[in-house]
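Every number here is computed from the coordinates shown, using simple stated rules; none is lab data. Because the structure is predicted, anything quoted here is derived from the model rather than measured. FYI the Cβ positions are ideal-geometry reconstructions off the backbone, even for glycines, and counts take in every protein chain you see.
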Amino acid sequence: MFYVLLTMFAGVLVGWLLKGWKPVGLSGKAVSAVIWVMLFLLGAEIGMNRELLRSLSSIGLQALLFAAAGICGSVIASVLLYRLLFRKKAE
Amino acid sequence: MKGTLTVLAMFALGCISGALGILPQSLADGGLAKIVLYLLMFLVGVNIGGNPELKKIFGSVDPKLLLLPLASVFGTLAVTALVSLVLPGWGIADCLAVGSGMGYYSLSSILISEYRQMALGAQLAAELSTIALLSNVFRELFTLVASPFLARKFGPFAPIASAGATAMDVSLPVILRSSGDSFLAAAVISGVICDFSVPLLVSFFCSLP
């Protein structure tokens, strides 16, 4: 895992040094393309996994629960932050 | 939105071709996925480092705005940790790894499937990464649909917080429409910082026992 993060920071450095070079500007598109490949592979792993396929509906429900938790938590925190620090300025 | 649909379509295509058994069995162990992961992380880095707006975006902004992504991340993690009480199958570290995806579904699910194997075994890690993928997709879709409501009811920061890492790209247009154009810097800063936190936090929580 250390090496993955190191790879990312190497990328940050390369991107920063080569800023303005045309291929660097295309890196966003390249990220999307690689993500597609990656997700195809991830899907393939899941599709080949009979046990996982059988529990797909339970997985969907758990995912909904996680999404609701993340949204609630972040929205509550943002309301607190806004009231504490920013509201006075707007008034 | 179109990007999200493409991503879901690729994922579904992979699932279906995997289930039909038309792919070589060697794909099932994730060796190729690991190589592609390195490529992906490098490109994510290049994309962040090479952003010509990077300095401009961070140069002239109210430093207090940096608290917004922190609030968004901490709020997410605090409530997501509670999910482990409801779903006894997952430990706190598992739940936090899913939560710290911050809407960046592709990267978080990929990282979890690779790095949670040590603690959970391949089967449960695959299950958790599928949960991470879907929950972060749901979060993005919810933000896209509900931003006007969130802004009206909970203030202009709410859609940005809910968007997480997607505040700077996919969700940006709907945030500007809901919260107002003056929140551009807040949204982009929050998105960039959340984006950056995803690989760090997901891999950190995956490394916990």
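Taking the Cα centre of the protein assembly as shown as origin, work out the dipole magnitude from +1 charges on Lys and Arg Cβ and -1 charges on Asp and Glu Cβ, in debye rounded to 20.
On the way: 19 positive and 13 negative charges, 162 e Å.
For this selection, approximately 780 debye.
Work out, step by step, the length gained on full extension between B:VAL86 and B:LYS34: first 0.36 nm times the residue separation, then minus their alpha carbon distance; give nm to one decimal.
Working: separation 52, 0.36 × 52 = 18.72 nm, distance 3.21 nm.
Working it through step by step, the gained length comes to 15.5 nm.
Sort B:67-76, B:149-158, B:15-24, B:36-45 for me by packing, meaning the mean count of neighbouring Cβ atoms within 10 Å per residue, highest on top.
Numbers: B:67-76: 24.5, B:149-158: 20.5, B:15-24: 15.2, B:36-45: 22.2.
Averaged packing, sorted descending, gives the order B:67-76, B:36-45, B:149-158, B:15-24.
Tell me, what HN-Hα J-couplings in whole Hz come from the Karplus equation 6.51 cos²θ - 1.76 cosθ + 1.60 at θ = phi - 60° for each residue of segment A:52-62, using x for Gly and Pro?
5, 4, 5, 9, 5, 6, 5, 5, x, 5, 4
For the protein assembly as shown, build the charge dipole from Cβ charges (+1 Lys, Arg; -1 Asp, Glu) around the Cα centre, then report which of B:THR166, B:SER100, A:MET48 sits farthest towards its positive end.
Positive-end residue among those listed: B:THR166.
Which ³J(HN,Hα) values, rounded to whole Hz and listed in residue order, are derived for segment A:13-25 from phi using the Karplus coefficients 6.51, -1.76 and 1.60 in 6.51 cos²θ - 1.76 cosθ + 1.60 with θ = phi - 60°, glycine and proline given as x?
Using θ = phi - 60°, the values come out as 4, 4, x, 5, 5, 9, 3, x, 6, 3, x, 5, x Hz.
Over all pairs of distinct alpha carbons, what does the Kirkwood formula give as the hydrodynamic radius of chain A, in Å?
Values: mean 1/r = 0.0556 Å⁻¹.
Taking every pair of different Cα atoms in chain A, averaging 1/r and inverting gives 18.0 Å.
Can you work out the PRE-style zone for A:LEU85? Point 7 Å along Cα to Cβ, and I want the residues of segment B:169-209 with backbone N under 16 Å.
Answer for this model: B:183-194.
Rounded to the nearest 500, what is the 222 nm mean residue ellipticity of the protein assembly as shown from helices alone, with -39500 (n - 2.57) per DSSP H run of 4+ residues and division by all residues? Working shown, then result.
Details: 17 runs with 235 residues, N = 300.
Calculated at 222 nm, the ellipticity per residue is -25000 deg cm²/dmol.
Under 8 Å for C-alpha pairs, at least 6 residues apart: give me the relative contact order for segment B:114-174, rounded to a whole percent.
Details: 33 pairs, mean separation 14.7, N = 61.
Averaging sequence separation for qualifying contacts and normalising by length gives 24 percent for segment B:114-174.
Quick check: pseudo-label points 7 Å beyond the Cα along Cα→Cβ at B:PHE74 and B:SER26, how many nm apart are they?
Those two pseudo-labels are separated by 4.9 nm.
What nm value, rounded to one decimal, do you get for the distance between A:ALA10 and B:THR6 when each label is placed 7 Å out toward the C-beta?
If labels sit at A:ALA10 and B:THR6, their model points lie 2.7 nm apart.
Within 10 Å of each Cβ of B:7-13, how many other protein chain Cβ atoms are there on average?
Values: counts 6, 2, 4, 9, 10, 4, 6.
What the average comes to for B:7-13 is 6.
Once both labels are modelled 7 Å past Cα along the beta-carbon direction, what's the B:LYS64-B:ASP181 spacing in nm?
Reported label-point gap for B:LYS64 and B:ASP181 is 2.4 nm.
To the nearest 20 debye, what charge dipole does chain A have about its Cα centre, counting +1 at the Cβ of each Lys and Arg and -1 at the Cβ of each Asp and Glu?
Details: 9 positive and 3 negative charges, 90 e Å.
With only Lys, Arg, Asp and Glu charged at Cβ, the dipole is about 440 debye.
What dipole magnitude, in Debye to the nearest 20, does segment B:34-207 give about its Cα centre under +1 on Lys/Arg Cβ and -1 on Asp/Glu Cβ?
Working: 9 positive and 9 negative charges, 50 e Å.
My answer is approximately 240 debye.
Can you pull the mean other chain C-beta count within 10 Å for peptide B:61-73? List each step's numbers first, then the result.
Numbers: counts 0, 3, 0, 5, 3, 0, 6, 7, 2, 2, 12, 7, 4.
Shielding by partners across B:61-73 averages 4.
Figure the gain on full extension for B:MET118 and B:LYS153 (residue separation times 0.36 nm, minus the Cα-Cα span) and round it to one decimal in nm.
Details: separation 35, 0.36 × 35 = 12.60 nm, distance 4.28 nm.
Going from the current span to full extension adds 8.3 nm.
Could you work out how much longer the chain between B:LEU141 and B:SER207 gets when fully extended? Use 0.36 nm per residue separation minus the Cα distance between them, nm to one decimal. Don't jump to the answer; show the numbers that get you there.
On the way: separation 66, 0.36 × 66 = 23.76 nm, distance 2.89 nm.
Contour length minus Cα-Cα distance gives 20.9 nm.
Peptides A:13-25, B:176-188, B:98-110, A:73-85: what's the order by average Cβ count within 10 Å, highest mean first? Could the numbers behind the result be given before it?
Working: A:13-25: 14.5, B:176-188: 17.2, B:98-110: 29.1, A:73-85: 20.7.
In descending order of packing, they fall as B:98-110, A:73-85, B:176-188, A:13-25.
Under the definition of Cα pairs under 8 Å and six or more residues apart, what whole-number percent is the relative contact order of segment B:23-175?
On the way: 135 pairs, mean separation 27.9, N = 153.
Worked out over segment B:23-175, it gives 18 percent.
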